[in-house]
Amino acid sequence: MAPIRFAAVAIGLVWLTGGCTALKRFAYEGIGRDDWQRPERVVEALRIEKGAHIADLGAGGGYFTFRLADAAGPDGLVWAVDVDPGMVAFLRERSAADGYENVRVVEAAPDDPRLPAGAIDLVFTCNTYHHIPERVAYFSRLRRALAPSGRVAIVEHRSEGFLARLFGHATGDDVIRREMEAAGYRLDAAHDFLPRQSFLVFR
């Protein structure tokens, strides 16, 4: 019970000091997230080339956005896509403050990421897949944004475990595979080094 009480106190403090957007940023970052998310290893596994064009779908507070931007380098571009106006404003402020000229922030619609046609080498999404409505139709439309050799990487909480039971914010990897195949993709890679999440890459 102690971790739950600690989390409740932390959430309360974040709410009091920063309001709704700060609370959402806290939820994205989590407590000790680097330990279980292994962000450097995730980015390394994506084999991102310098100059790549990447979309961080459901960018939130930018946990992966700026790591992806570093991997793509100054000649690359990262579209930080989110539907929440507060998170979009925060991403714009942080991009400017930290000098990330290779990050473009996009306020998306729930059914449209508003990405340029044929421009994206990699769509990356982490802990967002379960939020997307009508996923087969959504990812079918998303194919228009991909370059000919474009990929879609999906990191998603598994359907078992504490977070899944508490919030229902999870999707089984069998469901992801079935839906992505129905949307016209094929599995390109499946990584198993994340303790809480599946990590699937499609073309």
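The values are calculated or read from the model by the stated rules, or taken from the named source; none is laboratory data. These figures come from a predicted structure and were not determined experimentally. Note that each Cβ is placed from the backbone with ideal geometry, even for glycine, and that neighbours are counted across all protein chains shown.
Could you go through segment 72-95 and let me know if any residue there is of a type in the set (Lys, Arg) and over 24 Å from residue 199 (Cβ atoms). Working first, answer last.
Initially, segment 72-95 is screened for residues of a type in the set (Lys, Arg), giving 92, 94.
Next cut, over 24 Å from residue 199 (Cβ atoms) only: 92, 94.
There is at least one residue in segment 72-95 that is of a type in the set (Lys, Arg) and over 24 Å from residue 199 (Cβ atoms).
Residue-by-condition table, conditions (1) modelled with pLDDT of 95 or more; (2) β-branched (Val, Ile, Thr):
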position: 108; (1), (2): yes, no
position: 112; (1), (2): yes, no
position: 116; (1), (2): yes, no
position: 120; (1), (2): yes, yes
position: 133; (1), (2): no, no
position: 139; (1), (2): yes, no
position: 147; (1), (2): yes, no
position: 163; (1), (2): no, no
position: 168; (1), (2): no, no
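Residue under question is residue 22, and the condition is that it be modelled with pLDDT under 95 and either more than 14 Å from the chain's Cα centre (by Cα) or not assigned by TED's automatic domain parsing to the domain that holds residue 198 (or both); does it hold?
On the way: modelled with pLDDT under 95: yes; either more than 14 Å from the chain's Cα centre (by Cα) or not assigned by TED's automatic domain parsing to the domain that holds residue 198 (or both): yes.
Spelling it out, residue 22 is indeed modelled with pLDDT under 95 and either more than 14 Å from the chain's Cα centre (by Cα) or not assigned by TED's automatic domain parsing to the domain that holds residue 198 (or both).
Show the residue pairs meeting these rules: Cβ distance below 7 Å; 6+ apart or different chains; first residue within segment 173-191 and in the same structural domain as residue 129 (by TED's automatic domain parsing) and within 22 Å of residue 45 (Cβ to Cβ); second residue among the acidic types (Asp, Glu) and not in a helix (DSSP H, G or I).
Between residues of segment 173-191 that are in the same structural domain as residue 129 (by TED's automatic domain parsing) and within 22 Å of residue 45 (Cβ to Cβ) and residues that are among the acidic types (Asp, Glu) and not in a helix (DSSP H, G or I), the close pairs are 176/156.
The conditions are (1) in a strand (DSSP E or B); (2) in contact with a Phe, Trp or Tyr (Cβ under 8 Å, 6 or more places away or on another chain), and residue 115 fails exactly one of them. Which is it?
Status for residue 115: all satisfied but (1).
Being crowded, with 22+ Cβ neighbours inside 10 Å and not in a helix (DSSP H, G or I) is the filter here; which residues of segment 78-101 pass it?
78, 79, 80, 81, 82
Please specify each residue of segment 83-135 satisfying the condition of being polar (S, T, N, Q) and in contact (Cβ under 8 Å) with a residue 60 or more places away in the chain.
Looking only at segment 83-135, we keep the residues that are polar (S, T, N, Q), and these are 95, 102, 125, 127-128.
If the condition is that a residue be polar (S, T, N, Q) and in contact (Cβ under 8 Å) with a residue 60 or more places away in the chain, then 125, 127, 128 are the ones that fit.
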